[in-house]
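Report on the following structure.
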Amino acid sequence: MIDAYLNYLKKLCYMVEIKQIRLSKDAINSIFYFLKLINKIIESSSNNNFIYKFKQLTYDLDDNYIGSPFLIKKIYKKGFKRVAYPWFGIDFSKDPLIEIWLNKDDNKFIDELKNSLPEKDDYCVLLRRKDNYYDGLRFMMLPELFNKFNQSDKVEQEKILRDFFNHVNSMIEKYL
């Protein structure tokens, strides 16, 4: 009970345990290039049926995340039917993992989507989460794919990240 209360206070006060910092050039550059790569993927994903754009966040993210929010709009002759507001990046709360997530507050169709998805496929593990802070879906890149991403050259890294992005968003697009 005390641990749960302390965790609540840490989130409420944005308290983070400061660990030893290693500002190696490679680590800093990797984060910079990762963000540039996800931005490139988002910017280049629009097609004849959907528009992909960056979106300004209207809520605070936990300190354990780095990435980009974006929106997906389906193109219709007479306007847009639905818009999705996913987030794409890395969760550093435990072991780093690449993910795309949808918050129910911004994505009202999420219950329809939740009920139609498998728990795991060739690209990701799906986490349906609902608690006091968050109600939504997290599409987490499979650990073996994440390891492959980390061990690949930059061309293969872009392919892995783009394939993951396209796979997850193809599931979301069906509900727009």
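A few notes on this one:
- Selection within the range 152-175: residues that are β-branched (Val, Ile, Thr) and over 14 Å from Phe34 (Cα atoms). The member of this set that is modelled with the highest pLDDT is Val168.
- When restricted to residues that are surrounded by fewer than 19 Cβ atoms within 10 Å (Cβ to Cβ) and over 18 Å from Ser116 (Cβ atoms), the range 132-142 contains 4.
- Members of the range 95-123 that are under 15 Å from the mean Cα position of the chain (by Cα) and of a type in the set (Lys, Arg): Lys104
- Residue in the range 136-151 that is without any contact (Cβ under 8 Å) to a residue 40 or more places away in the chain and part of a loop (DSSP other than H, G, I, E, B) present: yes
- Residue satisfying all of: in the range 83-110; exposed (fewer than 14 other Cβ atoms within 10 Å of the Cβ) and of a type in the set (Lys, Arg); modelled with the highest pLDDT among these: Lys94
- In the set (1) buried (at least 16 other Cβ atoms within 10 Å of the Cβ); (2) assigned to a strand (DSSP E or B); (3) among the aliphatic types (A, V, I, L, M), the condition left unmet by Leu113 is number (2).
- Across the range 143-158, the qualifying residues are those that are surrounded by 13 or more Cβ atoms within 10 Å (Cβ to Cβ) and more than 17 Å from the chain's Cα centre (by Cα), and the one among them that is nearest to Asp121 (Cα to Cα) is Lys148.
The values are calculated or read from the model by the stated rules, or taken from the named source; none is laboratory data. These numbers come from a predicted model, not from an experiment. Neighbour counts are summed over all protein chains in view; Cβ atoms, including those assigned to glycine, are modelled from backbone coordinates with ideal geometry.
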